[in-house]
Each structure stands twice: as C-alpha cells, then as structure tokens.
1. Hey, in the GNM for chain B with a 10 angstrom Cα cutoff, which one of B:Asp141, B:Asp187, B:Asp45 fluctuates hardest?
2. Indicate the residues belonging to region B:281-321 that lose 20 Å² or more of solvent-accessible heavy-atom surface (probe 1.4 Å) upon moving from the chain alone to the assembly of all protein chains, ignoring ligands and nucleic acids.
3. Please list, by residue number, every one of the GluC sites (Glu not before Pro) in region A:1-78 that is coil in DSSP and has at most 10 other beta-carbon atoms within 10 Å.
4. Which value in deg cm²/dmol, rounded to the nearest 500, describes the helix-derived mean residue ellipticity at 222 nm for the protein assembly as shown, given -39,500 (n - 2.57) per DSSP H run of n ≥ 4 and division by the residue count?
5. Determine Rg/Rh for region B:179-307; Rg is computed over alpha-carbon atoms and Rh is the Kirkwood hydrodynamic estimate from the same atoms.
6. Computing the accessible area with a 1.4 Å probe over protein heavy atoms, can you report the carbon and sulfur percentage for chain A?
7. Report the residue, chosen from A:Gln168, A:Gln11, A:Gln32, that carries the largest GNM mean-square fluctuation when chain A is represented by alpha-carbon nodes joined by springs under 10 Å.
8. In terms of Cα to Cα distance under 16 Å, which aspartates and glutamates are near enough to B:Lys252, apart from those fewer than 8 places away along the same chain?
Amino acid sequence: MTSVFDHLVGQEHIIEILEGAVAASRTGEESQEMTHAWVFTGPPGSGRSSAAVAFAQALICPNNGCGTCNDCNSAKTHGHPDVEIIRTEGLSIKVEEVRELLTRVAWAPSMGGWRVVVMEDADRLTESAANALLKAIEEPGTRTVWLLCAPTLHDVLPTIRSRCRHLQLRTPSLEAVTNVLINRDHIAPGMADFAARVSQGHIGRAKYLAINESVRSSRKTIMQLPLQLGSLAAAFQAAQTLVDLATAEANAVSDERDEKEVEKLQEAYGKGATGRGMATGGAKAVKELEKEQKSRSTRMVRDSIDGALLDIATFYRDAMMVQSGNIDSMINTDMREQIESYAASSPSHSTINKINAIMEARENLARNSAPLVTCEALMCQLARK
Amino acid sequence: MKGVTMNPFYLLLGSEGALADRALAKLQAQLKEEKAEFTTIDASDALVGDIADALAPSLFSERRALIIKDLQDLPEDSKAEVTRYLDQPDPTMTVIFVHKGGVKGKALLDAIKKIKPEIIPCDAIKKESEKEDFVKGLFQDAGRKATPGAIKAMVGALGTDLRELQSAVSQIALDAPAGAIDEAMVDKFHQGRIETTGFDVADATIDGNLPVALITLRSALETGTDPVMVTSAIASSLRSLAKVSGTNRGTKSFELAGQLGMAPWQIDKARRQLQSWTPRGIATAVEAIAKADADVKGASSDPIFALEKALQTITAAHGQR
C-alpha cells in the first residue's frame, strides 16, 4: 500500500515516530506516542513542511495516510475543513492573523478525526504573534494538533518550543536525493547525480536545476567567477555578471506569474466583458497588486543572489577540502582540475577568510543593502591573494 | 466712484504659490489704502451660498474686496454664484481670484477670462535668472538694496524652494544693518550653505579631500539628501573608476563610451581621478562603502557616523601606494 510518508526522502527515523503516533491516535487512549504539538526542524530543502503535511494527512485519513483518498488530497490542497495550512509569502506572520486563527482552531473537528494546524514558517512569527499562540499550544482542544516548521529550534521562542515535541529532519543523503530524481521525476542518472551533488540535499533546488537548461548554464557561468578575478575591472565585471544573472533568473519565474495574476484580477473586475470595461476600483486594485508583486520580486531577486553566493561558496569549500587533503566529498567534481590548481596557489587561511566574506555579504543582503555594491565589495575581497 | 483706482477683477494664475502670495500681499496693501473691507474664502471649503453672500450688494456702499483662494477646488454647486456675479459686477467691489492653473475648473476660468480681469501670471520659476529677478524684486519690496553677488548667493543657497527663499529674504532684509546687502552678509546669515547632493560628496571623497567631503556630507544631509543616496553616489563613482581602470590608456574616451556604458566626459573624469588611485585603494574603498551601505540600512545604530567613517577610510585609501 502506498503511504504519504513515501515522499519523505532520507527521513526514516522520523517516519517511524510519526507512524507510531498515527497508530496511537487511532486507539483513542492517552498515550506517550501521540501528542498535541510538534515542531519540525531541518535545513532548507529537507522537507520540513512536506513532513508536517504528510503527518496531517495521515491523522485525518481513514487509512492512516494512503495519499490517494479524498481526505488526503483535500488536506494537501487546503481543501479539508479540519486541516489548516498557514503559509506566508510576506516577511512575517502578524499577531492579527494568529488571533483570527485561534478562534477557528478551538472548534472540534468537523469530520471526526483531528483538527490539524500546519504552520510552515513558524520562524516568521513576530514575537507578539508567537506569544498569542502560547496559550493555545499549551492547552489545545482535545482533538487539536499543532505542527510547526522552522529551520532550527532557535528560530522558535523558547516558551513555544518547550511545549512541543521536537523532530529533527536530516539533510537527505546524496544517494537518496539522486534516487528520488531518477525514480520520481524520471531524470537521467548522470544528470540526477550532478544536480543532487551541487544542490547539497535541497531536493526542490536539485529538481529545478535538473530540468532547466538555462539555470544550469547560468550556474556554470557563476561558478567560473572565482577564477576570473585577475584585475580590479574584472572583479567589478564579475559582480555585475552575478547580479545580472541572478536577476534574470528571478524575473524569468516572476514575470510570467505576475502577468497571469494581473490578467485574472482584471477579468474579475470585468475587463474584456461587454459594457464599459472594468468596474469601479479595478484600476486601484490592479495598482495595489502590482505594488505587492514588486516587493515579492525584490525578495525573489535577493533570494536568487543569495543562492548564487552559496554556489560560489561551494567552490571555496571544495578548495578547502583539497587543501586539507580530503578530495572524496567534492561537490563540484566537474571543476576538479580548476579547483585543485586554485587550492595549490592559495593558502588555506585565505580560503577560510573568503568563505567568511561570502557569508557576511549574504547577511548584509538580508539586511537590504544594495546588491551590486555588496557583490562588488565581495568580489574585491575574493580577488585578494 | 470716489477713491476706486483698482480693477474690479484680478486673476492670479499659476502654480507658484510664493509668487501668488507676493502679488496678493501687494494687492491687499493697495486695498487697505482705499480702506476696503475684505473677505477671504478658501474655495475648497466654500459652502453653497458663501460666495453669493460675500458678493451681495452692500447697504452702505462701502469699498469692499473678496479674495477667493484655490479657485480650481471650488465645488460644482458654488460655481453658478461666481458666474452670475460676473454678468452684473458691483462697482464698489474688487474680486481677486487665485487659481493654480491646469485643467481643473477650466470652464469657470475661461468664463472669468472673458470679462478681461487683470491677469497676474504666477507660473513656476525654473531659470536661475528669473529666480534672481524674483529675489531682487523681494529686496526692492522690502526697501533694501542688495548686490548682484548677494542675490546670486541667496538663490544658490535656497533656490529649490521659493517660499523658503522668500522668507529668508524677508528675514535678512529686516535684520541686516543699514546699507546695501552684500555677499558677506548673506554668508553670515547662511554660513556658506549651498545646495549639495550625494554626487558633490562623492566628488570630494574621490579627490581624497576629507575636510571638504565631511562638510559637503553634512550640508547634503541638512538639505534633505538621504544617506542612501550618498552611499550609492560614491559607489557609482568607484564603479566608474574600476571600469575605466581596465581599459587601455591610449583608447579615445568616445570609443569606449558604448562598451563601458558611460558618457565620454565621465570616462575623462574617471581617468583624471584614477591618477591618484591604485587598484588596491579602490578595493579598500569599495569594501568601506559596502559596509557603510549596510550600516545605513540598519546594521549600525548611527548611520551618519558610519558614513563619516567610510569617508575617512576612502580618503585615506586615495593616493595609497
């Protein structure tokens, strides 16, 4: 029989616990295995939210999470009355949203089993929002279960995490990710191996890389940048290339989506229908949507630059591996010769400084500093011997 | 009628509020001399009947005046009250319309123009020479004489905002000791303040002149330049230096312009500046300005201090071997 837990890659230790909890929840008796609040942590791409959603499906499904029945499908697509999936594209989850949520979660489940709340970005709760949650998590309704997701335990307030059972997801192994790409997404083994390696356990990123030729080629260009820092003008050129490529990648995704959203909204206001065009307020609503899209695309560009910087960091990480005599776990095997010759020409302490400089630049970008200047300064630091 | 020397209608037309204020003040002074009693109505909050009331014939036929400000905002319902009066004006009355221009309330404006009022143009002043004329006029109104240098200095210091310029002139005219007002007097009042932008700060910084850079930074911030504009101006100057540093010295600047995406004069300027910069110095400078940018965006509690520190690092990197 299929199970919703089949999709979790390399998380056998967690699946065992979750299946035990589901079995215990069926008996109707109080037990140690099932509890009312869980927090899922793990590195980006390890599948925290997939694990939480799978658990939610298993709890409400009559077959312990078959993944095929009506309940399972509707839970996954926000359609189930007893499963609430909180997801944000903005920067934070505000206290008003949480208060509004609390009035709903106190109800008994409408279809019998459990009422499940999945909060995908518990790390984005503002402090007051987290505090508003406290009471509900401490003493939930008898049939309510909270599932929080966050990158690490430290991203959740101590008062909240002390009330939850903690499940730590692992970064899936190279083989596990490769196998998923081959078996689930039907990607050629060679490509699957490459994508799994360079995306370091991030399954979504690996798949995206494997199926997009343009993404692969821009990654290739970016990985060459550390080798092209021969002069000051070249360093500035490298920064420009990085920002341009990352922006183009982000825009390729967002432009199409933005356009569709605007069209849909205009249609909702009656554009294209017979009569006098859009209803009153239409233009204003479109303008607001465009403003929202602009802030979202700013975030996407920033995320994309961040990804490019992480890629560059793997170059120096590999160089450091070579410098310390460990060549087995190299990420960028396609650049082995170039990395080895770089490693031989540069002292290892400067490699560490460069990795630190990359991490610092990422932090500054997260603080909204100007992308181009930040990258230029970074490239100047990387250009040092 | 005895004592009436003024037109029955005036129209102050244009978007420059400072000019309209000045013209209005002059007219009001004249009206006062004729012992007129005046009423001022802001068109935007005029209620139905307000204007008709003010325009109704007076029982004792004394001299009266009505000022309607922001005529373009007059509500639709009140417009008829104005047009009705235009057909049958009262000889003891002077009406002053103040209109910002533009298309708003155009029909009413055209109706007013038809009765041939005295139109006083109050269009926005853009040219330096017009601003200087404006300042000269202000000094004359105040009964003071000012040297051309002083007038130039005033416009240079406060030229972007005519109202501010107006109040500065009136202050200096009242406070300065007797005699002609000269440049030194203006300097004393405004302490050498000139309008500066991020680019002025960038130029001084790239030239390695710390004292001038710090002073320009302060005056740029005082005149409302955002710290972010300063960091981006310096960053873009450094970017020009870096780009040009990679080119062959012998190539003509206009040949490089397309390739570098810069104007020829920018390339020449960067070449001149490059003479006292080494690649290492520029690298240090870029790192400093990137840090300052992060600081200005909130990484540091005092953005101004962060900027000043960056200027110091950059000017020190200038001329470094």
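The values are calculated or read from the model by the stated rules, or taken from the named source; none is laboratory data. Computed from a prediction, not measured in an experiment: that's the story for all the values here. Here the Cβ positions follow ideal geometry from the backbone for every residue, glycine too, while neighbour counts run over all protein chains shown. The protein model used for the area step is the full one, side chains on, heavy atoms only, and it has no ligands, DNA or RNA in it. Shrake-Rupley method; radii C 1.70, N 1.55, O 1.52, S 1.80 Å.
1. B:Asp45
2. Residues passing the criterion (a loss of at least 20 Å², heavy atoms only) are B:Ala283, B:Val286, B:Glu287, B:Ala290, B:Asp293, B:Ala294, B:Lys297, B:Ala299.
3. Details: sites: A:Glu12, A:Glu16, A:Glu19, A:Glu29, A:Glu30, A:Glu33; in loops: A:Glu29, A:Glu30, A:Glu33.
Answer by residue number: A:Glu29, A:Glu30.
4. On the way: 30 runs with 407 residues, N = 706.
Helices in the protein assembly as shown give a 222 nm mean residue ellipticity of -18500 deg cm²/dmol.
5. Numbers: Rg = 17.3 Å, Rh = 16.2 Å.
That ratio is 1.07, to two decimals.
6. Details: 10000 of 19220 Å².
Of all accessible area on chain A, carbon and sulfur atoms account for 52 percent.
7. A:Gln32
8. List returned: B:Asp268.
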